[in-house]
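Participant: One structure follows; several queries about it will come next.
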Amino acid sequence: MMRAMLTLDVEDWEHANYGQLKGCGGEIASEVRRKAYRMDANIDKWLEILADHDACSTAFVLGEFAEKYPEAVKRLARAGHEIATHGQTHDLIYEMSRETFREFLKKGIGTLGNLLGKTPVGFRAPSWSVDERTPWLCEELAAQGIKYDSSLFPVRTPLFGRKNAPLRLSWDAGVLRIPATVMDFGGFRVPFASGAFFRIMPLPVILYGLERASKNGQPVMIILHPRELDPAHPRLPLSGWERMVHYARLGTTIPKLCAVLENYNWRSIELVCAPILDSGAKPSDN
Ligand SMILES: [Zn+2]
């Protein structure tokens, strides 16, 4: 069976970067305290579902999450999942200076290193927030020992993504770049394998997209969040399309996840990409 990469961006329900949430920090923080929702229950759900399917994942853990739920992160690591970093806080990198990013990354790596005694080698930006405004990204990652980056989203959306980003593996400053999996129809790109796109797309489309990506030499990767495993998690003060996108079809996540787990051999990025990372072989760009 083909090897594919299963990933979870490990963060809480309040971690989102919509324009509507700007200036709502105080209100959201008091809701977080009032609701006292336990996101770690969804980590255990993830562990259980994956164990049932003999699958293993990469968890891109937010430093703030690891500080709030250290035991859940240890459980992930103990079960053999790769622990990579999602940064310290869920802030947009394209709004940071290079120096601010350096500190943000150092804190994110440090939080996980102190907790697990092992330094992460993989990185994914909050909300895929790397683009032409962050040309220094991979140099900064390499300087702190990061070997691969999975922050490229090769479709432009209102919040993130680059429409001409590579669809296949590429290298930048010695860092392997693993883009999100999207369907490519001669330059017309359709996302289907991550977060809201995974929830909104019907299962046959997801299975077709994975098959198509695999045949096309693209990485085959699924990207989910703990909150998407519980349709009843607390709601952010969003309205309009942002509310629709953030909460669409949450009830379909687990059934669709179980269905895709039946296909492919789902492993962590570290395991799937080990031959490339170890050999330093240069995959051709597209
Ligand atoms: Zn995130």
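Just so you know, all these numbers are worked out from the coordinates, no wet-lab data involved. Quick caveat: nothing in here was measured; it's all calculated off a predicted structure. Glycine also receives a Cβ, built like all others from the backbone with ideal geometry; neighbour counts cover every protein chain displayed.
Participant: I'd like the GluC sites (Glu not before Pro) in segment 53-131 restricted to DSSP loop residues with at most 15 other Cβ atoms within 10 Å, sorted by number.
Facilitator: none
Participant: Here's a follow-up. In terms of the Cα gyration tensor, with a ≥ b ≥ c the square roots of its eigenvalues, is the chain rounded because a/c is under 1.5, prolate because a/b exceeds b/c, or oblate?
Facilitator: rounded
Participant: Using 0.36 nm times the number of residues separating E103 and K45, minus their current alpha carbon distance, what extension gain do you get?
Facilitator: Full extension from E103 to K45 adds 17.6 nm.
Participant: Now a separate question. Mind computing the radius of gyration and Dmax over the alpha-carbon atoms of segment 164-286? Å is fine for both.
Facilitator: So, for segment 164-286, Rg and Dmax equal 16.0, 48 Å respectively.
Participant: With the contact rule set at Cα under 8 Å and sequence spacing of 6 or more, what percent relative contact order holds for segment 11-83?
Facilitator: This gives 35 percent for segment 11-83.
Participant: Determine the sum of side-chain charges near Q218: Lys and Arg each +1, Asp and Glu each -1, restricted to other residues whose C-beta is under 10 angstrom from that of Q218.
Facilitator: +2
Participant: Could you tell me which trypsin sites (Lys or Arg not before Pro) in segment 199-286 are loop residues by DSSP with no more than 14 other beta carbons within 10 angstrom of their beta carbon?
Facilitator: R235
Participant: Residue-wise, which Karplus ³J(HN,Hα) couplings in Hz belong to segment 247-259, taking 6.51 cos²θ - 1.76 cosθ + 1.60, θ = phi - 60°, and x for glycine or proline?
Facilitator: 10, 5, 6, 4, x, 8, 4, 5, x, 6, 4, 4, 5
Participant: If the chain between R249 and N114 were fully stretched, how many nm would it gain, using 0.36 nm times the residue separation less the Cα-Cα distance?
Facilitator: Extending this stretch completely gives an extra 44.9 nm.
Participant: Could you put S97, S268 in order, starting from the residue whose Cβ has the fewest other Cβ atoms within 10 Å?
Facilitator: The most exposed by this proxy come first: S97, S268.
Participant: Another question about this same structure. Can you pull out the GluC sites (Glu not before Pro) in segment 121-220 that DSSP calls coil and that have at most 14 other Cβ atoms within 10 Å?
Facilitator: In loop regions of segment 121-220 (DSSP not H, G, I, E or B), the sparsely surrounded GluC sites (Glu not before Pro) are E132.
Participant: Reachable lysines from K74, Cα under 29 Å, same-chain residues fewer than 8 places away excluded?
Facilitator: Filter leaves K35, K45, K106, K107, K118, K147, K256.
Participant: Something else about it: For K215, which aspartates and glutamates qualify as cross-link partners when the Cα separation must be under 20 Å and same-chain residues fewer than eight apart are set aside?
Facilitator: The qualifying aspartates and glutamates are D184, E262, D285.
Participant: Which percentage, to the nearest 5, of the DSSP beta bridges contained in the chain is antiparallel?
Facilitator: That works out to approximately 25 percent antiparallel.
Participant: Can you compute the modelled spin-label distance between V205 and R78, with each label point 7 Å from Cα toward Cβ, in nm?
Facilitator: 4.0 nm
Participant: Okay, moving on. In percent, how large is the relative contact order of the chain, given Cα pairs closer than 8 Å and 6 or more residues apart?
Facilitator: Computed over the chain, the figure is 25 percent.
Participant: Would you work out which of F197, L116, A143 lies farthest towards the positive end of the dipole of the chain? Charges go on Cβ: Lys and Arg +1, Asp and Glu -1.
Facilitator: With unit charges placed on the Cβ atoms, the residue in question is F197.
Participant: Could you tell me which of V175, A232, N164 has its Cα farthest along the dipole of segment 3-279 towards the positive end, charges placed at Cβ (Lys, Arg +1; Asp, Glu -1), taken about the Cα centre?
Facilitator: Of V175, A232, N164, it is N164.
Participant: While we're on this one: Taking the Cβ of I206 as the center, what net charge do the other residues with Cβ under 13 Å away carry, scoring Lys and Arg +1 and Asp and Glu -1?
Facilitator: Overall, the nearby charge balance is +2.
Participant: 222 nm [θ] for the chain, helices only, -39500 (n - 2.57) per DSSP H run of 4+, per residue, to 500?
Facilitator: So the helix-based figure for the chain works out to -11000 deg cm²/dmol.
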